[in-house]
Amino acid sequence: MNPLIFFLFSLILASTNTESKTHWLDTKSLKQLKQNINRNSITPGSCISSWDFTFDPCDNLFSEKFTCGFRCDTIISNLSRVTELTLDQAGYSGSLSIDNFPYLNTLDVSNNYFTGNIPESLSSLTRLSRLILSSNSFTGEIPSSIGSLTNLEELYLDNNNLQGTVPSSFNYLKSLTRLDLQQNKLSGKIPNLGSLENLYYMDLSNNGFSGDPFGFPASLVQISMRNNNLSGSLASESFKNLNYLQVVDFSSNKINGYVPSIFFQLPSLQQLTLSFNEFSSIEAPSYGTESSQSELIAVDLSNNQLEGFLPAFLATMPKLSSLSLENNRFTGLIPVQFALKTVFPEIGMAPFGRLLLGGNYLLGGIPRPLLVLKQDSANVSLVDNCLFRCPHVFFFCQGGTQKSSFECSSVIIP
């Protein structure tokens, strides 16, 4: 065979073997996506500004013709399918058109300006495992059809203008690990999500949810529902099996009743924030089950309606270093255990680095150990109590500066 002919034949064969074309449905869907974005929001240098459909998308991905925004994989018959669609944070606006991406497993259009309803067509993306629509301007209700995405592992709809309730169909999202709906205008009661046995992160903060919170899956590690309209009481039964729970934040609601003792006994809980509610008492752990094994590091029960004596058992928690009981209705003396843990903690016991007891009706003198507290060793506040007289106590901080509260690390009583 002529060497020149052989060389040309080899080039053709090599080109044929390495050719990889985008499935026509995916090309059509990418075009539709671009067409629905406002042209004025497609700025030079952005991913979508480079999309030139006179060239094959997957064959030219990461070239100057398709610099970024999606990923392709060869699935069958040497055809490439779009498997990830991840737009850059370039300020795109318009409606979101997502059709005919049957192999898509990640959709991320976060931090843009997409408007309108979340498209019902998302339910056709049956392989989707990550759906991230955070920080846009989506309106309307959450489509119940999202509950059909049984492979979904991460769902981020936070920081939009969504209204209505959480669809009960979310109970079908058995693979879901992360759910973030914070900073919307959602309302109504939160459905029982106890069946989501893989869910470990849930944030429903800054909405208008009402009713009492219940029905949490045992897999939860972090739960936040701050700044809603939740009311009623917290039932120990709802939390007793949450052995992996590390962070709880129900602050800024209208929850009342007592703070359940289960929070001081959960084996993994590190941070408990129940401030700005209407709690009236704290349930102490039963004798013999006190919290010597507690992992709690920070507890904030400030700005409630808590009454009675300060709960001395909190000073027995070995890792608790931050405690805020400010602006409640506590009376009686400051337990000496609080002072000892702050200044002379036992071996293996973390000291209180932050002890905020101001805004109560505490009586009597300041426990002696606090009077020898070293400068800047702890943030201790007893402001607005009745330690010597109500409503203010006047004494001198070290150095002679007059104060109306105990906010210094060392004091000299005049």
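A few comments on the model shown:
- Shown is the FRET efficiency for Tyr361 and Ser233, computed with R0 = 30 Å from the Cβ-Cβ distance and rounded to the nearest 0.05: 0.80.
- Each principal axis of the stretch 148-220 carries a Cα extent, and these read 26, 24, 19 Å when sorted largest first.
- In this calculation the C-beta distance from Arg127 to Trp24 is compared with R0 = 22 Å, giving a FRET efficiency of 0.70.
- The chain: DSSP helices with Cα axial extent of at least 15 Å and average Kyte-Doolittle hydropathy no lower than 0.5: 3-18
- Taking the Cα centre of the chain as reference, the dipole from Cβ charges on Lys and Arg (+1) and Asp and Glu (-1) amounts to some 440 debye.
- Cut-off 18 Å, label 7 Å out along Cα→Cβ of Asn151, residues of the stretch 57-90 by amide N: 70-86
- Stretch gain in nm, segment Asp52-Ser93, where the contour uses 0.36 nm per residue and the Cα spacing is subtracted: 12.8 nm
- The P(r) of the chain has a tail past 31 Å containing 55 percent of all C-alpha pairs.
- Extension gain for Cys386-Glu307 works out to 27.0 nm (0.36 nm per residue, less the C-alpha to C-alpha distance).
- Taken about its Cα centre, the stretch 18-94 carries a charge dipole of about 280 debye when Lys and Arg each add +1 at the Cβ and Asp and Glu each add -1 at the Cβ.
- Were the residues from Ser168 through Arg39 laid out at 0.36 nm apart, the gain over their Cα-Cα distance would be 42.7 nm.
- Helix-only [θ]222 nm of the chain, DSSP H runs n ≥ 4, -39500 (n - 2.57) each, per residue, nearest 500: -3000 deg cm²/dmol
- Projecting label points 7 angstrom from Cα along Cα→Cβ for Arg354 and Arg329 puts them 2.7 nm apart.
- Solvent-free Debye calculation, one equal scatterer per alpha-carbon of the stretch 91-198: log10 I(q)/I(0) at 0.16 Å⁻¹ equals -0.66.
The numbers here are math on the coordinates, done by the rules we state, and not lab data. Model, not experiment: these values are computed from the prediction. Note that each Cβ is placed from the backbone with ideal geometry, even for glycine, and that neighbours are counted across all protein chains shown.
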